[in-house]
1. Please list 189-198, 21-30, 336-345 highest first by mean number of surrounding beta-carbon atoms within 10 Å per residue.
2. Where does helix 129-140 land angle-wise versus the long Cα axis of the chain, in degrees 0 to 90, nearest 10?
3. So what's the projected area for the stretch 91-200, the Cα convex hull averaged over all directions, in nm²?
4. By its C-alpha gyration tensor, with a ≥ b ≥ c as the square roots of the eigenvalues, how is the chain shaped: rounded for a/c under 1.5, else prolate for a/b larger than b/c, else oblate?
5. Would you please put 199-210, 235-246 in order of how densely packed they are, using the mean number of other Cβ atoms within 10 angstrom per residue and starting with the highest?
6. Give me the angle, in degrees from 0 to 90, between the Cα long axis of helix 362-391 and the longest principal axis of the Cα atoms of the chain, rounded to the nearest 10.
7. Evaluate E = 1/(1 + (r/R0)^6) for residue 122 and residue 55, where r is the Cβ-Cβ distance and R0 equals 25 Å; express this FRET efficiency to the nearest 0.05.
8. Quick check: pseudo-label points 7 Å beyond the Cα along Cα→Cβ at residue 187 and residue 328, how many nm apart are they?
């Protein structure tokens, strides 16, 4: 399986390189006609991928061609945010409107949110009043909520519509967003039920939708976090989920393709935050200076922890001078504590994200992880204690050194699992993203506490000071 995946990845990489070389060759030759033909034949997602590799000049030249094609509406939403902003910024409002008219309403709002406020306002004014109001409403929702990612053209019909009329309506509908389900509303546009297309086609033609619709509809509100939307779609195996307001009025739907994007975005942000790099998903697109500026504050926590460790080691300088062997085990104690702390926090964060870890049952999870820390701490404590004894058997008290090292790594791993488990849960309880906890914070705190306990235990058992 892995071999097949690697082969597919290599094939995709080769295809991208061939496309990239072909586009660049046509650009050098100024072969406009051939460039237009190649642009039309290339999938919008592949074009967006190529734009990551183009220079600014190449992007502008190819985009000039794409603007005149019908695929521009599918192409723009596929682009990285920074590239979209760079391409649309030089255009006047009327030109941006022409492009955005080919884009779906939800993607249109997302693109406008990327532009500077003054530019976005001028584009909004260039739309007709009805479209402008709709866009302003969509833009008012936070981008990481159901309202921010929903499509505003759900296919819905009155509950008194017959099955035959519903089929006819679906066949004649052109503007509806991906008809996965038929949503049923009452006379006040409130969501009352849902009908699958399978149930619709097998229902008696004269039966009303109300007679065979499912009334237990899984829905989300406009302020539901997009991560929760993804969880609901995954839990109930849905292809789309309706979005309603506080009065249960149907406003839009979030389709499975949007959910896939959400999962990818959230996973990327979590990994970046857990690595202590912030949450900018497009960090690779930034310049060297911007990249360094974004990572600098996150690394500051590690710097503080490292500086604290220096002072702790300095306090016990005399001990290290008299028993040099103690210094040899500092990297092991620090490394093991940091690793198991990161493992615990990653497990908890993933559990919270997938719903497997419930805050109401947090005590069970905490005790379980602490138990894991105890078992692993005992195992590696005994193992490292034996190594310390035989490695430094020639010193005055090798048995005590082994005991010190063993207890220290046990204490370090126990504290690391406790911090790695507790911090994400506590942050979630105060509505802070727990992913930020498993970066420098967990590793730095476990490093400092691990070293401090190491010297406290050594000082107590070896009586050197």
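Read-outs: derived from the displayed coordinates by stated rules, not from any lab. All figures in this text were calculated on a predicted structure; none of them were measured in a lab. In this analysis, Cβ positions are derived from the backbone assuming ideal geometry, glycine residues included, and neighbour counts consider all displayed protein chains.
1. On the way: 189-198: 16.8, 21-30: 14.1, 336-345: 24.1.
Ranking the peptides 189-198, 21-30, 336-345 by packing returns 336-345, 189-198, 21-30.
2. Approximately 10 degrees, to the nearest 10.
3. Details: hull surface 32.4 nm².
Convex hull of Cα atoms, orientation-averaged projection: 8.1 nm².
4. On the way: a/c = 2.75, a/b = 1.77, b/c = 1.56.
Since a/c reaches 1.5 and a/b is larger than b/c, the shape of the chain is classed as prolate.
5. Values: 199-210: 14.8, 235-246: 17.2.
Packing order, densest peptide first, comes out as 235-246, 199-210.
6. 40 degrees
7. Working: r = 28 Å, r/R0 = 1.14.
Result of the calculation: an efficiency of 0.30.
8. In this crude spin-label approximation the distance works out to 8.8 nm.
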